[in-house]
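A quick write-up on the structure given underneath.
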Amino acid sequence: MIYFLSDAHLGSLAIERGWAHQKKLIDLLEEMSKDAVSIYMLGDMFDFWMEYYIHDKSKRQYHPFCKELRKLAKKGIHVHIFTGNHDMWTFGGLAKLTGAEVHYTPVTINRYGKSLYLAHGDGLLPSDWETYYPSRIRKKIKHFIFLKKLFQSETLQFLFRLLPPAWGNKFGYNWAKRSRLKELANPCPYKGEHKEELVLFAKDQEKQGNHRDYYVFGHRHIDLDLQLETGARVVILGDCFKLWTYAKLDKHGHLTMHTYEPETGTTESV
Ligand SMILES: [Mn+2]
């Protein structure tokens, strides 16, 4: 089995009972490890991740999760972490702590006779995206693209990494908390297949002749399983703090979505 999950947002100041949250995530990984060949985490597993030049004691809070990932790797399971828009600032530290392979960009893999396009999903748009949205939304998207570029600036990263971790973290976690609270107060549901950026992106890929059987994304905190006309399926994973949804690819190449319900001791299909 190959498993896909995303968006745990560990450490979020907007999620109460942080330890119970991390424990539930570890339990889910433990459950997956029973028959997993690979586990792909498609971004934003942390609400804020930054690797400073000075030792950051606060990273200790993630030791149980990191230890679990090392355990999985030791068992022979291939563990992959994609960076998301909340945890893109890793410079080798996360890979070292977890034993996982860290991906900074989307990846296409071929498994069990199927091709899968894997990405966190932030900033992915169809090539002609400006034609789909009114100017108010276009402005919002441009603002997001600008911030993403800013966060990727090497100079800015260098300067941020010089900060005392306590200062940097205060800024980072509060920034992230604001966006989490905003989302909880005003959730953005599925926009429909003519508006949802990731669906438009997948359709554009298909149109350009880059066919894949499955497109698997995180980022949106909604669960979606949509079949396109070309036969490709777009799967948006949901999250691991509110929905607790994930996807599974079996050895026949079937991709299914599930909800983790540890209370009943079973994982049931959505
Ligand atoms: Mn995200």
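Against the numbered list (1) touching a residue at least 12 places away in the same chain (Cβ under 8 Å); (2) within 16 Å of the ligand (Cβ to nearest atom); (3) not acidic (D, E), K182 comes up short only at (1). If you go through the stretch 138-193 and keep only what is farther than 14 Å from H86 by Cα, within 22 Å of the chain's Cα centre (by Cα) and open to solvent by less than 50 Å² (accessible area, probe 1.4 Å), you end up with I141, S153, E183, G192.
Checked against the criterion of being in contact with a strand residue (DSSP E or B) (Cβ under 7 Å, 6 or more places away or on another chain), part of a loop (DSSP other than H, G, I, E, B) and either closer than 26 Å to K170 by Cα or within 16 Å of the ligand (Cβ to nearest atom) (or both), the candidates D122, D87, D44 yield just one match: D87.
Looking for something modelled with pLDDT under 95, small (G, A, S) and farther than 25 Å from Y133 by Cα - is there at least one such residue anywhere in the stretch 175-196? Within the stretch 175-196, one or more residues are modelled with pLDDT under 95, small (G, A, S) and farther than 25 Å from Y133 by Cα. The residue pairs whose first member lies in the stretch 218-243 and is in contact (Cβ under 8 Å) with a residue 12 or more places away in the chain, whose second member is basic (K, R) and outside any loop (DSSP other than H, G, I, E, B), and whose beta carbons are closer than 7 Å, counting only pairs six or more residues apart or on different chains, are D225/R233; L226/R233; L228/K203.
Exactly one residue out of A73, A95 is assigned to a helix (DSSP H, G or I), at pLDDT 95 or above and under 17 Å from the mean Cα position of the chain (by Cα), and it is A95. The set of residues from the stretch 204-242 being touching a Pro at 6+ places or on another chain (Cβ under 8 Å) and of a type in the set (A, V, I, L, M) comprises just one member, I222. Within the stretch 71-93, the set of residues being more than 28 Å from F151 (Cβ to Cβ), surrounded by fewer than 14 Cβ atoms within 10 Å (Cβ to Cβ) and in contact (Cβ under 8 Å) with a residue 12 or more places away in the chain comprises K74, K75. Here Y133, Y62 are screened, and the one residue that is more than 16 Å from the ligand (Cβ to nearest atom), under 19 Å from G218 (Cβ atoms) and either not in a strand (DSSP E or B) or not β-branched (V, I, T) (or both) is Y62. Within the stretch 234-254, the set of residues being open to solvent by 10 Å² or more (accessible area, probe 1.4 Å) and either more than 17 Å from Y3 (Cβ to Cβ) or assigned to a loop (DSSP other than H, G, I, E, B) (or both) comprises F241, K242, L243, W244, D250, K251, H252, H254. Evaluate the following for K67: is it modelled with pLDDT of 95 or more and either of a type in the set (D, E, K, R) or open to solvent by less than 30 Å² (accessible area, probe 1.4 Å) (or both)? So K67 fits the description; yes. For the stretch 1-24, the tally of residues that are within 16 Å of the ligand (Cβ to nearest atom) and touching a helix residue (DSSP H, G or I) at 6+ places or on another chain (Cβ under 8 Å) stands at 8.
For the stretch 216-233, a residue qualifies if it is within 16 Å of the ligand (Cβ to nearest atom) and outside any loop (DSSP other than H, G, I, E, B), and the qualifying residues are V216, F217, D223, L224. Screening I109, I39 for residues that are surrounded by fewer than 19 Cβ atoms within 10 Å (Cβ to Cβ) and away from the ligand (no atom under 16 Å from the Cβ) leaves exactly one candidate, I109.
In this structure, is D128 buried (at least 19 other Cβ atoms within 10 Å of the Cβ) and either touching an Asp or Glu at 6+ places or on another chain (Cβ under 8 Å) or under 25 Å from E206 (Cβ atoms) (or both)? For D128, the condition - buried (at least 19 other Cβ atoms within 10 Å of the Cβ) and either touching an Asp or Glu at 6+ places or on another chain (Cβ under 8 Å) or under 25 Å from E206 (Cβ atoms) (or both) - is not met.
The values are calculated or read from the model by the stated rules, or taken from the named source; none is laboratory data. Bear in mind the structure is a predicted one, so any value in this text is a computation, not a measurement. Glycine also receives a Cβ, built like all others from the backbone with ideal geometry; neighbour counts cover every protein chain displayed. Calculation scope for accessible area: heavy atoms of the full protein, side chains included, ligands and nucleic acids excluded. Shrake-Rupley method; radii C 1.70, N 1.55, O 1.52, S 1.80 Å.
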